[in-house]
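Report on the following structure.
The values are calculated or read from the model by the stated rules, or taken from the named source; none is laboratory data. Since the structure is predicted, the reported quantities are computational estimates derived from the model, not experimental observations. Note that we place each Cβ from the backbone using ideal geometry, even for glycine, and neighbour counts take in every protein chain shown. Surface areas here come from the heavy atoms of the whole protein model, side chains and all, with no ligands, DNA or RNA. Shrake-Rupley method; radii C 1.70, N 1.55, O 1.52, S 1.80 Å.
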Amino acid sequence: MYAEVVFPFPFRNSFTYRVPGELEDSVQAGVRVVAPFGKRILTGFVISTPETCELPDKIKEIRDVLDKYPIFDENSIKFYQWIADYYLSSLGEALRNCVPAGLDVETKRKIVADTAYCFELYNEEPKKNTIKAQLLQLLSVNEITKMGFLQKTLKKKNIYSALRSLERIGAISIVDELENAKVRIKHIKHVRLAQSKDEIFNNIPLIEKRSPKQVVILLHLVSLKEESVSLAGLLKKTNTNASSVNSLAEKGLVEVFDKEVTRDYKETFEEAKENFTLTPAQQKVITSVTEKINEQKFKPYLLHGVTGSGKTQVYIELVKLALKQEKNALILVPEISLTPQMTTRLLNHFGDEVAVLHSKMSAGERFDSWRSVLSGKSRVVVGARSALFSPLKNLGLIVVDEEHDQSYKNHEMVPKYHARDAAVVLAQMNSCPVILGSATPSIESMYNAENGKYELLELKERVDNAQLPEIKLVNVNIEKKKHRMENIFSKTLLEEIKKRIEKKEGVIILQNRRGFATQVYCEDCGEIQMCSECSVPMVHHISKNILVCHYCGNSMPVPKGCTNCGSLSIKFFGTGTQRVEDELDFYFPEIRMERVDSDALNKKGKLASIFNDFKKGELDLLVGTQIVAKGLDFSKVTLVGVIAAETSLWMPDFRADERTFQLLTQVAGRAGRSKEKGEVIIQTQDHENFVLKKVVMNDYEGMYKREIGMREEMSYPPFARICLIEAKDEKEENVYGAMKDFYQILTRYSNYVTVYPPTEAIIAKIKGQYRYQILVKSSRKTDSGGAVLRKAILDSFIEFNEKSRYRNIKLYFDIDPQNIM
């Protein structure tokens with residue numbers, strides 16, 4: 001028996017292994033196996049089990065099988081193959097998403113050094129800046145070192161030849177150690193009676209005089225209704241120790257055993273279950289989708305519902321229908337900011353059938369939620385983009401809430417998939433309807449609805465007769481001339497905040513930048529304090545009085561003088577959420593306020609705790625980044641303030657106008673979601689701006705018409721397929737050389753695709769690596785599915801790897817990028 005295995009690396013082909021006899025019953029398509037790969041041991045995915053093989057004598061054997069049951073089936077593998085093909089990755093890289101992090105078994109390379117000998121060799125080295133000398137310096141003070149540490153410290157990946165030369169002379173030993181999975185099924189010690197209650201009572205007189213504590217334990221176990229109790233709980237309840245339990249076990253009166261426990265994720269946000277009366281518009285939407293759920297047919301819907309129109313309740317009713325049909329449901333939300341309320345409402349309706357999957361859960365909680373889905377116990381999955389890959393079978397409904405949100409795009413790892421677009425393909429493969437919901441749909445989704453690819457469903461009014469808020473633009477330049485600015489606040493906004501606090505109503509303030517000051521500069525020479533590893537300014541964080549880079553995490557104390565000219569005229573410029581919080585505290589000393597950004601939400605459950613306090617009226621005001629703009633539904637909020645409308649408007653990206661409209665409309669939608677009408681005040685430097693005017697008018701259609709016209713004129717999505725190709729390296733000349741070579745190869749396909757010359761990325765350096773980019777486009781008229789674009793890139797990449805002297809520079813391909821910065 002043989003197994004075709006793929007690994008989570010950029011190899012397009014699978015590898016054949018022999019299955020040893022003792023594992024033949026366990027190996028099947030869909031399970032993970034541990035197998036040798038070169039000199040390493042890795043975790044791979046079995047995609048098939050052929051009966052024959054061309055070169056049976058040269059084939060290595062599988063070492064172990066990690067799964068009792070398959071974690072993906074034949075239908076799933078088609079989906080992962082689509083992900084791999086469309087987003088230009090290997091199948092193994094795509095399948096990596098189907099299991100939670102921390103489950104891999106692999107060898108880790110360690111270096112064991114003779115520190116004294118390494119120190120001696122280092123002193124003998126004539127040049128101290130060579131890779132060998134730098135390695136010797138590190139190894140002379142570290143007896144055991146991980147390979148990854150050396151590569152990260154030296155900022156070099158190719159250090160193997162230098163290490164092998166040191167190994168040959170006996171200075172070091174290179175050792176491969178097998179590391180097991182970091183996340184496992186959790187077991188705890190449990191205790192139960194090993195004999196009948198009558199036999200226990202007969203034994204009590206025999207041990208009462210010598211061991212009264214053992215009697216206490218026995219009596220407690222007899223009184224329990226449960227079959228067993230945790231050892232820790234038993235000892236705490238009876239105020240005894242483990243030796244007493246062990247003595248009872250030796251006498252055969254009790255049994256101590258390991259019991260599997262589930263690390264259930266507890267949502268700390270609280271919201272009472274409400275029974276809503278559906279509006280006619282909501283009922284119309286439900287009726288439209290119900291037909292496809294009952295028929296088990298694929299149909300994509302775009303649900304365009306204004307903020308507060310009851311989209312969540314529509315989702316819940318449709319999930320109920322899917323479950324009645326013995327089908328399962330998947331609900332995607334863009335970020336954890338939406339998870340507390342959405343999760344709580346789903347739990348209120350569906351209880352233990354709901355599994356939550358997002359990044360703020362512990363590794364153990366994610367693993368147990370994943371196992372609950374795999375076993376079929378959980379039939380409703382809610383989570384961020386990675387929940388798309390949960391092992392949920394028999395799908396009857398997929399919902400993508402806030403479908404416009406850029407958080408659905410995976411920027412960090414290969415494949416760089418878009419969860420919204422992939423969800424539509426997943427629904428098609430599972431013959432079920434998919435609903436893309438938003439108050440501000442993406443240009444691409446609305447275009448698909450206009451052209452009949454999606455069916456458009458609309459909720460044009462808020463529920464409970466609530467009115468959309470009144471939106472005002474306040475020009476801060478005009479306010480300055482009238483002496484109506486108080487630092488970053490206009491007096492108009494401060495006056496309205498004061499009114500709401502006096503009336504005990506809720507206020508939300510948006511400033512989509514973290515930190516206190518966004519730049520630190522010298523008045524004398526104009527020098528801005530930049531990050532040493534990234535080409536971005538350091539941000540001042542006043543709580544610790546440090547400067548922090550928001551791209552690489554580097555930090556440094558605030559300099560007392562200019563690092564360029566020594567001047568003491570250091571100034572702080574720009575506004576972050578910390579400064580907004582600080583100034584509000586000055587103007588309203590008695591205000592009860594919390595900051596909601598990724599710096600403040602550093603503890604598990606902190607976000608839900610803040611939302612609880614705000615809902616109960618224990619907080620007056622929330623100030624935060626875009627987290628406060630998404631999905632919050634608090635009836636007490638009657639005022640929303642935006643400190644600077646231009647934060648996203650000035651971004652050099654073709655989606656900047658669309659993003660600004662979406663962010664401002666979404667945050668405005670947090671106000672007036674009950675009988676009290678809401679008000680929104682947006683501070684701006686250009687109150688005549690087209691996008692801002694459309695926000696004031698709540699005119700999505702007007703924004704869409706202008707934007708779609710500009711996209712067509714400039715040949716951007718949805719009228720073109722685009723791919724952003726990026727190269728990174730510590731040496732700028734290497735990156736540019738690689739991009740130049742790749743560009744020259746790509747231009748041979750200029751009859752089919754438009755190739756733009758390589759340019760330095762807008763943020764030219766991140767984490768010590770220089771960045772260059774190439775943008776490639778193909779027209780939707782001639783390349784509707786993007787196959788031509790992908791073929792041109794892949795063929796060019798193969799030739800690049802064969803001919804370029806810069807082929808060791810890694811290239812990253814981003815199909816359908818959400819920004820081109």
Would you mind telling me which numbered condition in (1) modelled with pLDDT of 90 or more; (2) assigned to a loop (DSSP other than H, G, I, E, B); (3) among the β-branched types (Val, Ile, Thr) residue 52 fails?
-> (1)
Within segment 565-618, considering residues that are part of a strand (DSSP E or B) and open to solvent by 40 Å² or more (accessible area, probe 1.4 Å), the one nearest to residue 637 (Cα to Cα) = 594
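How do the strands (runs of 3 or more DSSP E) wholly within segment 348-460 filter down when requiring 3 or more residues that are open to solvent by less than 40 Å² (accessible area, probe 1.4 Å): which remain? Walk me through it before giving the result.
Details: elements: 354-357, 380-383, 395-401, 433-438, 455-459.
Those strands (runs of 3 or more DSSP E) span 354-357, 380-383, 395-401, 433-438.
What about residue 296, is it on the phi > 0 side of the Ramachandran plot and open to solvent by 20 Å² or more (accessible area, probe 1.4 Å)? Show your work before the answer.
Details: on the phi > 0 side of the Ramachandran plot: yes; open to solvent by 20 Å² or more (accessible area, probe 1.4 Å): yes.
Judged against the criteria, residue 296 is a match.
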Quick one: would you say residue 486 is of a type outside the set (Phe, Trp, Tyr), over 17 Å from residue 644 (Cβ atoms), open to solvent by 40 Å² or more (accessible area, probe 1.4 Å) and touching a residue at least 40 places away in the same chain (Cβ under 8 Å)?
-> no
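Among the residues of segment 4-41, what is the count of those that are touching a Pro at 6+ places or on another chain (Cβ under 8 Å) and not β-branched (Val, Ile, Thr)?
Of the residues in segment 4-41, the ones touching a Pro at 6+ places or on another chain (Cβ under 8 Å) are 4, 16, 18, 28-31.
Next cut, not β-branched (Val, Ile, Thr) only: 4, 18, 28-30.
Number satisfying all stated conditions: 5.
Among the residues of segment 260-269, are any more than 20 Å from residue 432 (Cα to Cα), acidic (Asp, Glu), part of a loop (DSSP other than H, G, I, E, B) and touching a strand residue (DSSP E or B) at 6+ places or on another chain (Cβ under 6 Å)?
Initial filter on segment 260-269 (more than 20 Å from residue 432 (Cα to Cα)): 260-269.
Next, only the ones that are acidic (Asp, Glu) stay: 260, 264, 267.
Going one step further and asking which of them are part of a loop (DSSP other than H, G, I, E, B), we end up with 264, 267.
Still in the list and also touching a strand residue (DSSP E or B) at 6+ places or on another chain (Cβ under 6 Å): none.
No: zero hits.
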Limited to segment 308-343, what total is found for residues that are open to solvent by 10 Å² or more (accessible area, probe 1.4 Å), under 24 Å from residue 464 (Cβ atoms) and of a type in the set (Val, Ile, Thr)?
-> 1
Scanning segment 258-281 for residues that are over 32 Å from the mean Cα position of the chain (by Cα), loosely packed, with under 14 Cβ neighbours inside 10 Å and more than 22 Å from residue 349 (Cα to Cα) gives 258
Collect the residues in segment 226-242 that are open to solvent by less than 70 Å² (accessible area, probe 1.4 Å) and either out of contact with any strand residue (DSSP E or B) (no Cβ under 7 Å at 6 or more places or on another chain) or hydrophobic (A, V, I, L, M, F, W, C) (or both), keeping them in residue-number order.
-> 229, 231, 233, 234, 235, 238, 240, 241, 242
Going through (1) open to solvent by 30 Å² or more (accessible area, probe 1.4 Å); (2) part of a helix (DSSP H, G or I); (3) over 19 Å from residue 87 (Cα atoms) one by one, residue 739 fails only at (1)
Just one of (1) farther than 25 Å from residue 391 by Cα; (2) out of contact with any Lys or Arg (no Cβ under 8 Å at 6 or more places or on another chain) trips up residue 53, so point out which.
-> (2)
